[in-house]
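Peer 1: Sharing a structure below in structure tokens format, with a few things to ask.
The values are calculated or read from the model by the stated rules, or taken from the named source; none is laboratory data. Only a predicted model underlies this, so the values are computations on that prediction, with no experimental measurement involved. Every residue, glycine among them, receives a Cβ derived from its backbone with ideal geometry; neighbour counts consider all protein chains shown.
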Amino acid sequence: MEFSNSIALVTGGASGLGEAVARNIVENGGKVAILDLDQDKGEALADQLSSSASFIKADVTSAESVSESVDAAAKLFGALNVVVNCAGIAPAAKVLGKKGPHDLALFNKVIEVNLIGTFNVIRLAAEKLAANEPGEDNERGVIINTASVAAFEGQIGQAAYSASKGGIVSMTLTIARELASLGIRVVTIAPGIMKTPMMMGMPGNVQEALSKMTPFPQRLGQPEEYACLVRQIVENRLINGTTIRLDGAIRMQPK
């Protein structure tokens, strides 16, 4: 589909990768519903992007919250044809650390937000996409998820995060196969070390070390580069059922 025709729902859209996607969609003529828990940032971004954007406060782990948000977004813009899942958390904890075993509640929380939250949005948004009139190749929409290179090379302390992102990778082809008959594509992006608020909160020496781990280009990835890949996926109907690494050829070391 033409990127300018995007009527999108972006989770985690108030900052980082989600914000970059929301800005790119509006700048290219599309419309976007920004879903996030951070109301102040979300409303401020929506105000910047004018009438082509709207903020909806949503908790991706809640069936009721996401159902209401998806309905509100579809009603506001008349339809939805693009969904981008960027909401996520990344706390670090060792399986057996100095304070004892990994907190089970923390592990559950990471899975709940990153994996179950992504699936929650997919299952509810798919119903809206399936109601669209088919376009070229009978396409009705595209769902783009966010995993991480940690799904493949998780570092020490990333057991929960890696498991959550690995789950997203694993379900991508399965859901793509199921939704293919409805003309809905499902694709996942696995970013490397990106210049997000989460990363920028780390000490400078840590950021520098991570940058040097990337073969080329030897720097942190820009959120705009993620947004650029989202656009390419939206516009290229042959991209489906796969996970694309966006990482400068990095292969994460144990620590």
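Peer 1: Just to check your reading of the model, which residue among PHE119, PHE107 is among the aromatic types (Phe, Trp, Tyr) and closer than 22 Å to PRO254 by Cα?
Peer 2: PHE107
Peer 1: Suppose we keep only residues that are basic (Lys, Arg) and free of Cβ contacts under 8 Å to residues at least 60 places away in the same chain within the stretch 1-54. Which one would you say is nearest to GLY192 (Cα to Cα)?
Peer 2: LYS41
Peer 1: In addition: Take the residues in the stretch 230-255 that are closer than 16 Å to ARG219 by Cβ and touching a Ser or Thr at 6+ places or on another chain (Cβ under 9 Å), then tell me which one is surrounded by the fewest Cβ atoms within 10 Å (Cβ to Cβ).
Peer 2: ALA249
Peer 1: Sticking with this one: Determine, yes or no, whether VAL234 is among the hydrophobic types (A, V, I, L, M, F, W, C), within 30 Å of ASN81 (Cα to Cα) and not in a helix (DSSP H, G or I).
Peer 2: Judged against the criteria, VAL234 is not a match.
Peer 1: May I ask you to verify whether ASP59 is outside any helix (DSSP H, G or I), out of contact with any Asp or Glu (no Cβ under 9 Å at 6 or more places or on another chain) and of a type outside the set (S, T, N, Q)?
Peer 2: yes
Peer 1: Of all residues in the stretch 180-214, which are over 22 Å from VAL169 (Cβ atoms) and of a type outside the set (A, V, I, L, M)?
Peer 2: SER181, GLY183, LYS195, PRO197, GLY201, PRO203, GLY204, ASN205, GLN207, GLU208, SER211, LYS212
Peer 1: Tell me yes or no: at least one residue of the stretch 188-206 is at pLDDT 95 or above, within 21 Å of ALA33 (Cβ to Cβ), surrounded by 14 or more Cβ atoms within 10 Å (Cβ to Cβ) and not acidic (Asp, Glu).
Peer 2: Yes, some residue in the stretch 188-206 is at pLDDT 95 or above, within 21 Å of ALA33 (Cβ to Cβ), surrounded by 14 or more Cβ atoms within 10 Å (Cβ to Cβ) and not acidic (Asp, Glu).
Peer 1: Given the conditions (1) surrounded by fewer than 16 Cβ atoms within 10 Å (Cβ to Cβ); (2) under 16 Å from the mean Cα position of the chain (by Cα); (3) among the acidic types (Asp, Glu), report the number of the one that ASP47 does not fulfil.
Peer 2: Checking ASP47 against (1) surrounded by fewer than 16 Cβ atoms within 10 Å (Cβ to Cβ); (2) under 16 Å from the mean Cα position of the chain (by Cα); (3) among the acidic types (Asp, Glu), the one that fails is (2).
Peer 1: While we're looking at this one, here's another question. Looking at (1) surrounded by fewer than 24 Cβ atoms within 10 Å (Cβ to Cβ); (2) outside any loop (DSSP other than H, G, I, E, B); (3) over 16 Å from the mean Cα position of the chain (by Cα), find the lone condition where MET1 falls short.
Peer 2: (2)
Peer 1: Looking at the stretch 204-220, can you tell me whether even one residue there is assigned to a helix (DSSP H, G or I) and in contact (Cβ under 8 Å) with a residue 60 or more places away in the chain?
Peer 2: no
Peer 1: May I ask you to list the residues in the stretch 70-107 that are in a helix (DSSP H, G or I), surrounded by 16 or more Cβ atoms within 10 Å (Cβ to Cβ) and touching a residue at least 40 places away in the same chain (Cβ under 8 Å)?
Peer 2: VAL70, ALA73, ALA74, PHE77, PHE107
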